[in-house]
RNA sequence: GGCCCGUUAGUCAAGCGGUUAAGACACCGGCCUUUCACGCCGGUAACAGGGGUUCAAAUCCCCUACGGGUCACCA
């Protein structure tokens, strides 16, 4: 088995492209075949090397490695279409010789005119083969005018084109619905529909797995395969990813490129897991899978035909699952840039051990790592702010000065604060003052963080440390109007 | 508009002639936690509509509706 992912490098890797790549990868790794990365850069206007690099980075980030490609080479190279022009020429000549392709000199205006005419007559706009019968003289004349020809494929009439799609079953097209289409542009570069056929054949691709938007291109490609007498690969067209309004995922639905998710703090394994479940489902009820799991489970037969709406909430949940189960140093490392950006951590001196404790204290709250900035203010903010009047009311309880006073003493007497001894410390405050937990925990929380909710106090207290705790207690006592004695 | 694909809860999605129509996210409730979150337990909620075929249809066929894709010298 040989499969390929063939992006055109006209921008960053799209979420849909990532899924196509993933499905290809899963299938071929399951069957111990080869995964080929081919760059379809025949649109020279829009293609860029930056995009190419970006796409490769994104694929690698996801963990999708390839066996043959522009960077690693391989026996069927080169793997960039603009470097394969000689190869296409060979096939173009074959088609020309067989009169299955011809030169066309029509201008954009002429084509447009024809389109309008057909439309006006209620027919489908398509190229009608006007230049097909051009004589040598007529051609000369047009050349002399300075016209640069394109090469068109001669589409046979009334031919039924059968495609046996691995996910959709048999799909039929009528050749009469297809006009003679361009296979080589006037600059000599082949179009997608032509290059893809030549390359899939030359590279010995056995399975073409791609997005559904290519389904209606497939009959054109089949026509070329047949005209050239080449063996066709198997086709599998996977459904599109839709935005919340059920139209094709685009910018206005939010982030569409993989980069954006990476930047927002989504983990690659979460994206992989999520994307795999979009249009495919395993047997059984489990939903959390590693790339390795997926590789052994994946199966084209369980790929859904219907398009799927991208559900960010589910991605966030899945990402949270991975955030919670990753080693803390990894999550802390990922969190660091966001903390720096928020001004919580200096560019230079980050105390990793300290950061890890904080990240560990708040990771349960995260759907993406970037959200961390919303939860760590209690540790970093210089100023203690109270979230509401209700919070301040908690501090006004008559037992509060006693509680905080005792806490102060205990903190001062304790050597190093740990979650363990902090837990005991609070317990003993309850006992010594003969108070219910509620009268102790909540005031301590508000006094130290200004908030009604947050991480466990026994995690927060050791992180803050003695000096900061005393400082905040004083601020809180004052805020609540308690007199400071001693 | 022509051609093509699709349609099970708000979303993902199982189901491939006979099921109390799974499961997950979200939502709601409970438990745990002297907070919230996490975790655990439970709940609400779906076969687009209409015709057939069949003893029996979410499953097969047809029509309608809706959604999507595609009709480039873009891929």
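The values are calculated or read from the model by the stated rules, or taken from the named source; none is laboratory data. Keep in mind it's a predicted model, so treat the numbers as computed, not measured. Note: ideal-geometry Cβ built from the backbone for every residue, glycine included; neighbour counts use all protein chains shown.
For region A:289-305, what are the residues that are more than 6 Å from RNA strand B (Cβ to nearest atom), assigned to a loop (DSSP other than H, G, I, E, B) and farther than 23 Å from residue A:319 by Cα? A:299 - this is the single residue of region A:289-305 that is more than 6 Å from RNA strand B (Cβ to nearest atom), assigned to a loop (DSSP other than H, G, I, E, B) and farther than 23 Å from residue A:319 by Cα. Once region A:221-246 is narrowed to residues that are near RNA strand B (Cβ under 8 Å from one of its atoms) and touching a residue at least 12 places away in the same chain (Cβ under 8 Å), the residue that is surrounded by the most Cβ atoms within 10 Å (Cβ to Cβ) is A:237.
If you go through region A:93-113 and keep only what is buried (at least 16 other Cβ atoms within 10 Å of the Cβ) and within 22 Å of residue A:146 (Cβ to Cβ), you end up with A:102, A:103, A:104, A:105, A:106.
Would you confirm, using the coordinates I've provided, whether residue A:133 is in a loop (DSSP other than H, G, I, E, B), in contact with a strand residue (DSSP E or B) (Cβ under 9 Å, 6 or more places away or on another chain) and surrounded by 13 or more Cβ atoms within 10 Å (Cβ to Cβ)?
No, not satisfied.
When region A:141-155 is filtered for residues that are away from RNA strand B (no atom under 13 Å from the Cβ) and under 17 Å from residue A:180 (Cα atoms), only A:154 remains. When restricted to residues that are surrounded by 19 or more Cβ atoms within 10 Å (Cβ to Cβ) and within 15 Å of residue A:463 (Cβ to Cβ), region A:358-374 contains 6. Residues in region A:1-51 that are within 14 Å of RNA strand B (Cβ to nearest atom), in a helix (DSSP H, G or I) and under 28 Å from residue A:289 (Cβ atoms): 8 in all. With respect to the conditions (1) closer than 15 Å to residue A:378 by Cβ; (2) surrounded by 13 or more Cβ atoms within 10 Å (Cβ to Cβ); (3) free of Cβ contacts under 8 Å to residues at least 40 places away in the same chain, residue A:474 falls short on a single one, namely (1). Report yes if some residue within region A:306-323 is in contact (Cβ under 8 Å) with a residue 60 or more places away in the chain, more than 19 Å from the chain's Cα centre (by Cα) and either surrounded by 14 or more Cβ atoms within 10 Å (Cβ to Cβ) or within 16 Å of RNA strand B (Cβ to nearest atom) (or both); otherwise report no. Yes, the conditions are met somewhere in region A:306-323.
When A:455, A:462 are screened for being outside any helix (DSSP H, G or I) and at pLDDT 95 or above, only A:455 passes. Looking at region A:422-452, which of the residues that are assigned to a loop (DSSP other than H, G, I, E, B) and either in contact with a strand residue (DSSP E or B) (Cβ under 8 Å, 6 or more places away or on another chain) or touching a residue at least 24 places away in the same chain (Cβ under 8 Å) (or both) is nearest to RNA strand B (Cβ to nearest atom)? Per the criteria, the residue is A:452. Report yes if residue A:87 is in contact (Cβ under 8 Å) with a residue 12 or more places away in the chain and crowded, with 20+ Cβ neighbours inside 10 Å, otherwise no. Spelling it out, it is not the case that residue A:87 is in contact (Cβ under 8 Å) with a residue 12 or more places away in the chain and crowded, with 20+ Cβ neighbours inside 10 Å.
When residue A:295 is tested against (1) free of Cβ contacts under 8 Å to residues at least 60 places away in the same chain; (2) farther than 19 Å from residue A:455 by Cβ, only condition (1) is not met. Residues of region A:249-288 that are part of a loop (DSSP other than H, G, I, E, B), more than 9 Å from RNA strand B (Cβ to nearest atom) and closer than 19 Å to residue A:330 by Cβ: A:264, A:265, A:266, A:267. From the list A:271, A:278, A:336, A:297, the one residue that fits, being closer than 19 Å to residue A:12 by Cα and touching a helix residue (DSSP H, G or I) at 6+ places or on another chain (Cβ under 9 Å), is A:271.
Just a yes or no: is a residue in region A:119-140 within 13 Å of RNA strand B (Cβ to nearest atom), touching a helix residue (DSSP H, G or I) at 6+ places or on another chain (Cβ under 6 Å) and more than 23 Å from residue A:229 (Cβ to Cβ)? Checked region A:119-140: at least one residue is within 13 Å of RNA strand B (Cβ to nearest atom), touching a helix residue (DSSP H, G or I) at 6+ places or on another chain (Cβ under 6 Å) and more than 23 Å from residue A:229 (Cβ to Cβ).
In region A:388-396, is there at least one residue being in a loop (DSSP other than H, G, I, E, B) and either out of contact with any helix residue (DSSP H, G or I) (no Cβ under 7 Å at 6 or more places or on another chain) or buried (at least 17 other Cβ atoms within 10 Å of the Cβ) (or both)? Among the residues of region A:388-396, at least one is in a loop (DSSP other than H, G, I, E, B) and either out of contact with any helix residue (DSSP H, G or I) (no Cβ under 7 Å at 6 or more places or on another chain) or buried (at least 17 other Cβ atoms within 10 Å of the Cβ) (or both), which makes the answer yes.
Restricting region A:189-207 to residues that are more than 9 Å from RNA strand B (Cβ to nearest atom) and crowded, with 19+ Cβ neighbours inside 10 Å leaves a set whose member that is farthest from residue A:221 (Cα to Cα) is A:203.
Residue A:76 passes every criterion in (1) loosely packed, with under 13 Cβ neighbours inside 10 Å; (2) more than 11 Å from RNA strand B (Cβ to nearest atom) apart from (1). Any residue in region A:48-55 that is closer than 26 Å to residue A:234 by Cβ and at pLDDT 95 or above? Yes, region A:48-55 has at least one match. Condition check: more than 16 Å from RNA strand B (Cβ to nearest atom) and either touching a residue at least 12 places away in the same chain (Cβ under 8 Å) or more than 36 Å from the chain's Cα centre (by Cα) (or both). Does residue A:68 satisfy that? So residue A:68 fits the description; yes.
When restricted to residues that are within 25 Å of residue A:130 (Cβ to Cβ), under 36 Å from the mean Cα position of the chain (by Cα) and more than 7 Å from RNA strand B (Cβ to nearest atom), region A:156-188 contains 5.
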